[in-house]
1. Restricted to segment 195-235, and to residues that are touching a helix residue (DSSP H, G or I) at 6+ places or on another chain (Cβ under 7 Å) and part of a loop (DSSP other than H, G, I, E, B), which residue is surrounded by the fewest Cβ atoms within 10 Å (Cβ to Cβ)?
2. Which residue is surrounded by the fewest Cβ atoms within 10 Å (Cβ to Cβ), if the candidates are limited to segment 141-157 and must be in a helix (DSSP H, G or I) and in contact (Cβ under 8 Å) with a residue 40 or more places away in the chain?
3. Which residue pairs have Cβ atoms closer than 7 Å, lie 6 or more positions apart in sequence or on different chains, and pair a first residue in segment 161-184 that is touching a residue at least 60 places away in the same chain (Cβ under 8 Å) with a second residue that is loosely packed, with under 15 Cβ neighbours inside 10 Å?
4. If we keep just the residues of segment 110-140 that are out of contact with any strand residue (DSSP E or B) (no Cβ under 8 Å at 6 or more places or on another chain) and outside any helix (DSSP H, G or I), which is nearest to residue 8 (Cα to Cα)?
5. Looking at segment 196-210, which of its residues are under 21 Å from residue 23 (Cα atoms) and under 14 Å from the mean Cα position of the chain (by Cα)?
6. Can you tell me which residue within segment 42-62, out of those that are under 21 Å from residue 193 (Cβ atoms) and touching a residue at least 24 places away in the same chain (Cβ under 8 Å), is farthest from the chain's Cα centre (by Cα)?
7. Which condition number in (1) touching a residue at least 24 places away in the same chain (Cβ under 8 Å); (2) part of a helix (DSSP H, G or I); (3) in contact with a helix residue (DSSP H, G or I) (Cβ under 7 Å, 6 or more places away or on another chain); (4) crowded, with 16+ Cβ neighbours inside 10 Å is the one that residue 87 fails?
8. Name the residues in segment 63-79 that are over 19 Å from residue 192 (Cα atoms), within 16 Å of the chain's Cα centre (by Cα) and buried (at least 18 other Cβ atoms within 10 Å of the Cβ), would you?
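Derivation of every value follows stated rules applied to the coordinates shown; laboratory data play no part. No experiment lies behind these values; they were computed from the predicted model shown. Don't worry about glycine lacking a Cβ; one is built from the backbone with ideal geometry, like all the others, and counts go over all protein chains shown.
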């Protein structure tokens, strides 16, 4: 399906990013990964402007163009109780600034039919306590998505995906963890990778500026004290 295509993936050495990379490769694409962890292509921290420039130079030197950019790298999750000024800004550099700047650097090299996919989170619309750095970054990339989709109209389609609970170890969860989801289970990385590949394909050629939440229905589940076994316990 993607023979001859070039896919660039941030945070592609593990978890959801690795599954996305593996699925692109399995479908014939050449994959360019950047990650702080060891990987076959490029090791580096996307929070650094110089690293993004060097990575872009390598991709273009090796392939001359790109088809897909998947902004997947994970910001740190710290809260207002403990997150420092520098840590909060670091989360935003990884989660918002790097996706913006890497898109900007690669923009002149996108082939016709190109696609950018930003990996957000269901935390762009709901939260647990003390997750401010992560939630702010994910909210930012969701907004960045529709902004870039308008700016790049007719050139590159831009969409985002908001995963909910995705077990990157592909474990099956019995009992309440799975049952609480309207879909009846916890998510797997392939639930995300399959949507990424669909959004990059010609079948999604009329979809841009969208955020698709893949969370097993959890953000649609209304929770009240005493309903369906839920109870509220005051701290």
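1. Among residues in segment 195-235 that are touching a helix residue (DSSP H, G or I) at 6+ places or on another chain (Cβ under 7 Å) and part of a loop (DSSP other than H, G, I, E, B), the one surrounded by the fewest Cβ atoms within 10 Å (Cβ to Cβ) is 207.
2. Our first condition is that a residue be in a helix (DSSP H, G or I); within segment 141-157, this holds for 141-151.
Cutting the leftovers down to in contact (Cβ under 8 Å) with a residue 40 or more places away in the chain gives us 141-142, 144-146, 148-150.
Working: 141: 26, 142: 21, 144: 22, 145: 24, 146: 16, 148: 25, 149: 19, 150: 10.
Checked segment 141-157; the qualifying residue surrounded by the fewest Cβ atoms within 10 Å (Cβ to Cβ) is 150.
3. none
4. Selected residue: 112.
5. 196, 197, 199, 200 - these are the residues of segment 196-210 that are under 21 Å from residue 23 (Cα atoms) and under 14 Å from the mean Cα position of the chain (by Cα).
6. If we filter segment 42-62 for residues that are under 21 Å from residue 193 (Cβ atoms), which is where we start, we get 42, 46, 59.
If we keep only those that are touching a residue at least 24 places away in the same chain (Cβ under 8 Å) too, we end up with 46, 59.
Numbers: 46: 14, 59: 20 Å.
For segment 42-62, the residue satisfying everything is 59.
7. That leaves (4) as the condition not met.
8. The answer is 77, and nothing else.
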